[in-house]
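The values are calculated or read from the model by the stated rules, or taken from the named source; none is laboratory data. The structure presented is a predicted model; accordingly, all values stated were derived computationally and were not measured. FYI the Cβ positions are ideal-geometry reconstructions off the backbone, even for glycines, and counts take in every protein chain you see.
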């Protein structure tokens, strides 16, 4: 196995390159030049160096030298959702802003010699990258929003600091995942959801009438959430990058069913990170109320 120093060097080089591929695809689908990006938010738990992956990515894809960069580190499985919440807040306070959210993870930094206590983490997590463009205000020519981010919240379950976490050690990043994690999420998720829906004036949401974008932490966390299950089945758990795959799976399902008259208008994005922290976002399908038109 490569030394920790060698793995750190590999990750420092390859995490931005993995993000580059995802970012170029997102920008191509967006239809605007990369120089129209005003902000970059990069989330990863892989690597710790400066200049960091956000600066390298900005250079790789040709962002302007004046682009405003933010890097989020060690948010784990909630990194993608946290980055999207931050992007939402930024665009709402910066008229005309267009934010590239980049998510890239390489588990090489976490790999260690065989250890029964780490088998679950090694078996569960994989490599991946995703990218999403976030904007607000008037749509530019060619822009076609896929989801509207309506409201967001972050909830920490009290007393769960040791149930899910990561720590830098002499062998790399170690995961700690409590066997009680699914139960803790199950027992606290409704309160978090209700808090978010109440913030938009909905005190009695109909759970079965929503579309769901849930980070697929593992089979025990999922229950009848097809898009999330499909991503877990095809790609595994890519930590913070996974939520981008789930949203894309929802988009593809929507395209296949675009002739259906009763597509859900409202939905929820959920991700779970160290703390235990629940990231919740109320989403809206732009199709039923004409947001796709510009």
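Go through (1) touching a residue at least 40 places away in the same chain (Cβ under 8 Å); (2) part of a strand (DSSP E or B); (3) within 17 Å of residue 275 (Cα to Cα) for residue 149 and report which single condition fails.
(3)
Would you confirm, using the coordinates I've provided, whether residue 64 is touching a helix residue (DSSP H, G or I) at 6+ places or on another chain (Cβ under 8 Å) and assigned to a loop (DSSP other than H, G, I, E, B)?
Yes, satisfied.
Identify all residues within segment 214-235 that are surrounded by 17 or more Cβ atoms within 10 Å (Cβ to Cβ) and either at pLDDT 90 or above or under 18 Å from residue 21 (Cβ atoms) (or both); write none if there are none.
Correct list: 231, 235.
Select, from 58, 50, 22, the only residue that is within 14 Å of residue 131 (Cβ to Cβ) and either surrounded by fewer than 17 Cβ atoms within 10 Å (Cβ to Cβ) or in contact with a helix residue (DSSP H, G or I) (Cβ under 8 Å, 6 or more places away or on another chain) (or both).
After applying the criteria, what remains is 22.
Taking segment 75-110, which residues are outside any helix (DSSP H, G or I), over 22 Å from residue 62 (Cα atoms) and out of contact with any strand residue (DSSP E or B) (no Cβ under 6 Å at 6 or more places or on another chain)?
93, 95, 106
Tell me the residue from 173, 133 that is at pLDDT below 90, in contact with a strand residue (DSSP E or B) (Cβ under 7 Å, 6 or more places away or on another chain), in a strand (DSSP E or B) and surrounded by 18 or more Cβ atoms within 10 Å (Cβ to Cβ), please.
Selected residue: 173, the only one of 173, 133 that is at pLDDT below 90, in contact with a strand residue (DSSP E or B) (Cβ under 7 Å, 6 or more places away or on another chain), in a strand (DSSP E or B) and surrounded by 18 or more Cβ atoms within 10 Å (Cβ to Cβ).
Pick out the one residue from 209, 204 that is over 30 Å from residue 33 (Cα atoms), outside the structural domain of residue 96 (by TED's automatic domain parsing) and modelled with pLDDT of 90 or more.
On the way: 209 fails: modelled with pLDDT of 90 or more.
Only one candidate qualifies: 204.
Does segment 67-88 hold any residues that are buried (at least 20 other Cβ atoms within 10 Å of the Cβ) and touching a helix residue (DSSP H, G or I) at 6+ places or on another chain (Cβ under 9 Å), and which are they?
72, 75, 76, 77, 78, 79, 80, 81, 82, 83, 84
What number of residues in segment 180-193 are over 16 Å from residue 273 (Cβ atoms) and within 21 Å of the chain's Cα centre (by Cα)?
Qualifying residue count for the region: 3.
Out of 111, 125, report the one residue that is touching a helix residue (DSSP H, G or I) at 6+ places or on another chain (Cβ under 6 Å) and modelled with pLDDT under 90. Write out each step before concluding.
Values: 111 fails: touching a helix residue (DSSP H, G or I) at 6+ places or on another chain (Cβ under 6 Å).
After applying the criteria, what remains is 125.
Could you check how many residues of segment 176-210 are in a loop (DSSP other than H, G, I, E, B), in contact (Cβ under 8 Å) with a residue 40 or more places away in the chain and loosely packed, with under 12 Cβ neighbours inside 10 Å?
So the count comes out to 0.
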